[in-house]
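The values are calculated or read from the model by the stated rules, or taken from the named source; none is laboratory data. All of these numbers come straight from a predicted model, not from anything done at the bench. As a convention, Cβ positions derive from the backbone with ideal geometry for all residues, glycine included, and neighbour counts pool all protein chains shown. When the accessible area is computed, the model is the full protein with side chains, heavy atoms only, and any ligands, DNA or RNA have been set aside. Shrake-Rupley method; radii C 1.70, N 1.55, O 1.52, S 1.80 Å.
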Amino acid sequence: MEWWQGIYQALKDAEVRQVAYVPDAGHAKLIEACHADKEITAISLTTEEEGVGVLAGAWLGGDRGVLLMQSSGVGNCINMFSLAKTCQFPLAVFVTMRGQWKEFNPWQLPMGSTVDPAMTTAGFSVNTVDDPADVADYAQATLHHAFVGGEMAGLLLHQKLTPVKTFGK
Amino acid sequence: MPSTASEFLLRRREVVGKLLHDRGDRLVIGGLGSTAWDITAAGDHDLSFPLWGAMGGTVAIGIGLATAQPDRRVLVVTGDGDMLMGMGSLATAARQNLKNLTVCVFDNEHYGETGMQTTHTASGTNLAAIAAGCGFANSRQVETEDQLTEALPLLRDGPGLQFVCIKVRAEKLAFVLPPKDGVFLKTRFRRALLGADVV
Ligand SMILES: Cc1ncc(C[n+]2csc(CCOP(=O)(O)OP(=O)(O)O)c2C)c(N)n1
């Protein structure tokens, strides 16, 4: 089983119905699987902060949803996270990390190095997973924190998990 | 159309009264600022979710709700300032091809809540054209009573994905405040929609 399949299975087991995302290469296969799944509505966003709103609306309507993004996207969300915080909306966010490990693109470094403290400050419980064998377990725990605990829960997927991007160099 | 927003014919509180009169089982999201006060002036309701923040996120909330509740009409009522901040969500709504979402902007061409500074719509930004450009098959601008009468059934029941930009007079009205406890607003909405045993 590839690591992303552990997340997909956790989404299925938790009966997640909406998956909102801005694409990242690290999430590509998961996004594809969600689009192919008849029980899941995959929602392509123009910016990650939309996803925070979409998932609040989903919860109001009785659906569980999650948000997929890369680390840069967290920076786009900061104020919108206050919607989840103030109203105590469950919020599960899966972040593929950049700027963390063998990064080729220095433009990824500022957010890559700030995601964990930024999300923690915004009110998330944050976990990082770097071993493919552990991803399924962490994904289940993240969804549990969100939908059973009613928390804002972030899972940072270490850059070790995703292919090294070298832009052909 | 009058040249300044302070002379626009339509008055927001009268419009919202018509919009939410006999509201049936519609689910209503109100953007921060005047539109949250407006929907409250029309009668606070368990199936209204008025925002006190989350500027730019109002339509996005409507997208998630409309996706979760495909058999209910979701009405998003918001201001031009909020809509300008969340314009990308119009493209997302159109891409999802939501059949049960109406986005209604009360466009007073100003940021009313923060001191009546003009918004971009005062200098030509056309929100109805933007919605059409994002892929809304039904998008219109309303400036007169007749146009409003014509648009009301669409606003209330669709069909399909609807965008209506209503040019309303720029005026500072009395606050009619909804509850500001976000947890309360969320829980009352979920209980009214999903049942009292919802957790
Ligand atoms: C992210 C963010 N930026 C700025 C503000 C300050 N603010 C509150 S209401 C508002 C104006 C909203 O304009 P509009 O949607 O046209 O509604 P109106 O005030 O006219 O009712 C602004 C800028 C805010 N609350 N959040």
Shielding by partners, peptide A:80-93 (average Cβ within 10 angstrom, other chains): 4
Tell me the net charge near residue A:12. Cut-off is 11 Å between Cβ atoms, residue A:12 excluded, with +1 for each Lys or Arg and -1 for each Asp or Glu. -3
Might you report the magnitude of the Cβ-based charge dipole of the protein assembly as shown about its Cα centre, with Lys and Arg at +1 and Asp and Glu at -1, to the nearest 20 debye? 140 debye
Accessible area of region A:1-123 divided out per residue, in Å², using a probe of 1.4 angstrom: 40 Å²
Looking at region B:68-199, what % of its DSSP beta bridges pair antiparallel, to the nearest 5? 10 percent
Students often check this: by mean Cβ neighbours within 10 Å, which of A:61-70, B:118-127 ranks highest, and how do the rest follow? A:61-70, B:118-127
Only helices at least 30 Å long along their own axis, judged from Cα atoms, and with Kyte-Doolittle mean hydropathy of -0.5 or greater: name those in chain B from DSSP H. none
Counting Lys and Arg as +1 and Asp and Glu as -1, what is the net charge of the other residues whose Cβ lies under 11 Å from the Cβ of residue A:129? -3
Per residue of B:179-186, what is the mean number of Cβ atoms on other protein chains within 10 angstrom of that residue's Cβ? 4
Over the heavy atoms of residue B:1, what accessible area does a 1.4 Å probe trace out, to the nearest 10 Å²? 120 Å²
Per residue of A:41-52, what is the mean number of Cβ atoms on other protein chains within 10 angstrom of that residue's Cβ? 6
When the dipole is taken about the Cα centre of region B:1-143, and only Lys, Arg (+1) and Asp, Glu (-1) are charged at their Cβ, what size is it in debye, to the nearest 20? 400 debye
For chain A, list the DSSP H helices whose alpha carbon atoms reach 15 Å or more along the long axis and whose average Kyte-Doolittle value is -0.5 or above? A:48-60, A:135-147
For a quick check: with amide H placed at 1.01 Å from N, whose amide H comes under 5 Å from residue B:29's, ignoring anything fewer than 5 positions away on the same chain? B:49, B:75, B:76, B:77
In a GNM of chain B with a 10 Å cut-off on Cα contacts, which of B:93, B:54, B:36 has the highest mean-square fluctuation? B:54
Rg to Rh for the protein assembly as shown: what is it, with Cα atoms only and Rh by Kirkwood? 0.99
Would you mind pulling out the separation of the Cα centroids of region A:102-169 and region B:123-199, in Å? 36 Å
Among the listed pairs B:99/B:172; B:18/B:186; A:12/A:38; B:18/B:180; A:38/B:186; A:85/B:172, those beyond 23 Å (Cα-Cα): B:99/B:172; B:18/B:186; B:18/B:180; A:38/B:186; A:85/B:172
Can you check what the Kirkwood hydrodynamic radius comes to for region A:100-169, Cα pairs only, in Å to one decimal? 13.4 Å
Cβ-defined net charge surrounding residue B:69, 13 Å radius [Lys, Arg +1; Asp, Glu -1]: +3
Taking 8 Å as the Cα distance limit and 6 or more residues as the minimum spacing, I'd like the relative contact order of region A:1-41 as a percentage. 47 percent
With all protein chains present, calculate the accessible area of residue A:32 using a 1.4 Å probe and round the result to the nearest 10 Å². 130 Å²
Just to verify a number: what accessible area does residue A:125 come out at with the full protein assembly present, 1.4 Å probe, Å² rounded to tens? 40 Å²
Based on C-alpha coordinates, I'd like the Rg and Dmax of region B:5-194, in Å. 14.9, 43
